[in-house]
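Enquirer: First, the structure itself, so that you have it in front of you.
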Amino acid sequence: MSSKFELPKLSRRSLLKATALAGVSQVASPFVVTSWAADTVKIGLDNPLTGTYAATGKNEMIGAQLAVEQINAKGGILGRKVELLVEDSTSGDAGTAVQKARKLIDRDQVNFLLGNVNSALAQAMANVAYEKKILHVVPGGHTDTITGSNCHWNVFRVCNTTRMQTNSISKVLFEKYGKKWYFITPDYAFGHTLQQGFEASLKEFGGTKVGGDLVPLQTTDFSSYLIKAQAANPEVIIVLTSGEDMVNTLKQAVQFGLDKRFHIAGAQQELEALNGLPPEARIGSWVFEWYWKQPNVPHVAEFVADIRKKTGGHVPTARTWFGFASAWTCALAAANAKSLDTVKMAKALQGFKLPPEIALMPKDTVYREGDNQLMPTLYVGHAQAKGKDDPEDLFVVDMEVDGSKAAPSVADTGCKMTWPA
């Protein structure tokens with residue numbers, strides 16, 4: 001399906017400023033716009049603003065806020081002003097995330113649902129969205145089941161699956177750093193499916209898992225796990241934690257001197273974590289899902305400049321782009337369906353290619369028909385202690401991977417999508 005779309009233009013630009021009050025953020029226009037339709041279109045974001053994933057959740061919110069500003073400047077959604085309502089899901093409580101999702105849908109009457117950073121929370125929210133028949137875009141919850149065995153016709157995902165991440169880097173690690181791996185894995189859906197992906201690669205390449213640990217979310221002391229990893233004498237220690245947990249893992253690994261004896265690596269790495277580390281702990285081989293330094297990709301520089309204005313000069317992260325692309329997906333779905341009917345919008349997104357000013361990537365970025373999974377570019381590379389030209393340039397891209405080549409086939413995902421009659 002083509003990515004061409006048209007949004008009606010207004011005689012006056014409406015730029016929105018977002019404010020977060022009492023856990024709820026509403027975007028309101030500083031101008032009086034007389035040409036808006038009487039009612040608004042509401043996008044509900046149910047994401048962590050507290051806990052280990054607070055930084056990533058807030059960056060997704062910033063990206064969504066910028067998207068809403070741009071959408072309203074182009075005439076809103078179907079001529080109606082867009083509001084962004086934000087709820088704090090917390091970082092790990094599925095019950096809270098579900099409660100907030102139901103509040104956004106039932107009380108606030110949102111037209112779209114976005115979230116969550118935490119994979120388990122994202123899956124729980126997806127089940128609510130399916131029950132309520134509302135279009136749900138998952139910005140950054142990675143576990144495979146969301147667009148796999150527990151897929152839904154109305155749920156779309158922007159970030160990669162865990163299998164896409166592991167497939168993009170496994171062979172490089174195996175060939176360059178060794179075939180004996182030890183795992184430090186967060187004990188919930190995201191970590192489990194990441195490790196399963198790596199173990200599948202080890203089996204394919206003839207490697208060996210020499211040990212591993214499942215660690216609770218929000219662990220602060222990783223010493224016992226690192227001592228066990230050292231004793232197992234692997235060639236590669238695979239670190240699968242994220243957020244503040246990633247920061248604590250890598251800090252303590254360097255304090256133990258493990259980086260001098262073993263190669264440290266993993267799948268998903270994020271600028272939020274690298275920014276939170278001392279320079280000596282910015283180590284290892286990883287996958288970034290978007291990177292702000294892409295000098296040959298159109299529109300990226302403008303996006304970076306727009307985000308810097310919102311963040312006191314800080315560059316956008318992959319999470320910022322996740323939120324941006326997710327909110328824009330809502331507008332594009334409505335524009336192409338010429339309707340806010342959920343079935344029509346979901347059909348309009350089958351095989352839909354994001355336009356370049358939204359995709360901000362070198363390769364085609366398409367919602368795959370059959371499982372609603374976005375096929376973006378993955379950036380495989382290594383962390384660096386300090387950027388040469390910018391203090392936040394903390395990752396070196398060694399290889400770009402086409403998401404459609406890293407992803408399992410729709411059949412292999414286990415997705416059996418059933419559409420309403």
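The values are calculated or read from the model by the stated rules, or taken from the named source; none is laboratory data. Remember, predicted model here, so these are calculated numbers, not experimental data. Glycine also receives a Cβ, built like all others from the backbone with ideal geometry; neighbour counts cover every protein chain displayed. Accessible surface areas use protein heavy atoms only, side chains included; no ligands, DNA or RNA. Shrake-Rupley method; radii C 1.70, N 1.55, O 1.52, S 1.80 Å.
Enquirer: Considering each of Asp371, Asp393, Asp364 in turn, give the residue that is in contact with a Ser or Thr (Cβ under 7 Å, 6 or more places away or on another chain), in a loop (DSSP other than H, G, I, E, B) and not β-branched (Val, Ile, Thr).
Expert: Going through Asp371, Asp393, Asp364 in turn, the sole match is Asp371.
Enquirer: Hey, any hits in region 376-392 for a residue that's surrounded by fewer than 21 Cβ atoms within 10 Å (Cβ to Cβ), assigned by the TED database to the domain that holds Asn116 and among the small types (Gly, Ala, Ser)?
Expert: Looking for residues that are surrounded by fewer than 21 Cβ atoms within 10 Å (Cβ to Cβ), assigned by the TED database to the domain that holds Asn116 and among the small types (Gly, Ala, Ser), one finds none in region 376-392, hence no.
Enquirer: Then there is this: Within 21 Å of Thr193 (Cβ to Cβ), open to solvent by less than 10 Å² (accessible area, probe 1.4 Å) and assigned by the TED database to the domain that holds Val315: is that true of Ala126 in this structure?
Expert: Spelling it out, Ala126 is indeed within 21 Å of Thr193 (Cβ to Cβ), open to solvent by less than 10 Å² (accessible area, probe 1.4 Å) and assigned by the TED database to the domain that holds Val315.
Enquirer: Now, a different point. Identify the single condition in (1) surrounded by 18 or more Cβ atoms within 10 Å (Cβ to Cβ); (2) not in a loop (DSSP other than H, G, I, E, B) that Leu277 does not satisfy, given that it satisfies every other one.
Expert: (2)
Yes/no matrix, rows are residues, columns are (1) under 18 Å from Gln269 (Cα atoms); (2) open to solvent by 10 Å² or more (accessible area, probe 1.4 Å):
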{"position": "Leu135", "(1), (2)": "no, no"}
{"position": "Thr147", "(1), (2)": "no, no"}
{"position": "Asn150", "(1), (2)": "no, yes"}
{"position": "Asn160", "(1), (2)": "yes, no"}
{"position": "Ile169", "(1), (2)": "yes, no"}
{"position": "Gly197", "(1), (2)": "yes, no"}
{"position": "Lys203", "(1), (2)": "no, yes"}
{"position": "Gly207", "(1), (2)": "no, yes"}
{"position": "Pro216", "(1), (2)": "no, yes"}
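Enquirer: Moving on. Pairs needed: first member in region 145-159, more than 16 Å from Ala189 (Cα to Cα); second member anywhere, open to solvent by 20 Å² or more (accessible area, probe 1.4 Å) and in a loop (DSSP other than H, G, I, E, B); C-beta distance under 6 Å; at least 6 residues apart or different chains.
Expert: Here the result reads Trp153/Met417; Trp153/Trp419, each pair linking region 145-159 to a residue that is open to solvent by 20 Å² or more (accessible area, probe 1.4 Å) and in a loop (DSSP other than H, G, I, E, B).
Enquirer: Here is a further query. Select from region 283-303 the residues that are in a helix (DSSP H, G or I) and either crowded, with 17+ Cβ neighbours inside 10 Å or in contact with a strand residue (DSSP E or B) (Cβ under 6 Å, 6 or more places away or on another chain) (or both) and list them in ascending order.
Expert: Selection gives Val300, Phe303.
Enquirer: On to the next question. Residues of region 239-269 being closer than 18 Å to Gln384 by Cα and among the aliphatic types (A, V, I, L, M), which ones?
Expert: Within region 239-269, Val239, Met246, Val247, Leu250, Ala253, Val254, Leu258, Ile264, Ala265, Ala267 meet the criteria.
Enquirer: Counting only residues that are more than 17 Å from Asn233 (Cα to Cα) and of a type outside the set (A, V, I, L, M, F, W, C), which one in region 246-265 is most open to solvent (accessible area, probe 1.4 Å)?
Expert: Residue satisfying both the conditions and the ranking: Gln255.
Enquirer: Scanning region 311-351 for residues that are assigned to a loop (DSSP other than H, G, I, E, B) and β-branched (Val, Ile, Thr), which turns out surrounded by the most Cβ atoms within 10 Å (Cβ to Cβ)?
Expert: Selected residue: Thr317.
Enquirer: Among Asp364, Asp412, Asp398, which is the only one that is within 21 Å of Val300 (Cβ to Cβ), surrounded by fewer than 23 Cβ atoms within 10 Å (Cβ to Cβ) and not assigned by the TED database to the domain that holds Leu84?
Expert: Asp398
Enquirer: Filter region 194-230 for residues that are of a type in the set (Lys, Arg) and part of a helix (DSSP H, G or I); which is farthest from the chain's Cα centre (by Cα)?
Expert: This residue is Lys228.
Enquirer: State all residues of region 374-390 that are more than 15 Å from Phe156 (Cα to Cα), in contact (Cβ under 8 Å) with a residue 40 or more places away in the chain and assigned to a loop (DSSP other than H, G, I, E, B); if no residue qualifies, say none.
Expert: Those that are more than 15 Å from Phe156 (Cα to Cα), in contact (Cβ under 8 Å) with a residue 40 or more places away in the chain and assigned to a loop (DSSP other than H, G, I, E, B): Gln384, Ala385, Lys386, Asp390.
Enquirer: Identify all residues within region 69-110 that are closer than 17 Å to Val41 by Cβ, open to solvent by 40 Å² or more (accessible area, probe 1.4 Å) and either touching a residue at least 60 places away in the same chain (Cβ under 8 Å) or small (Gly, Ala, Ser) (or both); write none if there are none.
Expert: Matches in region 69-110: Gln70, Lys74, Leu78, Lys81, Gln109.
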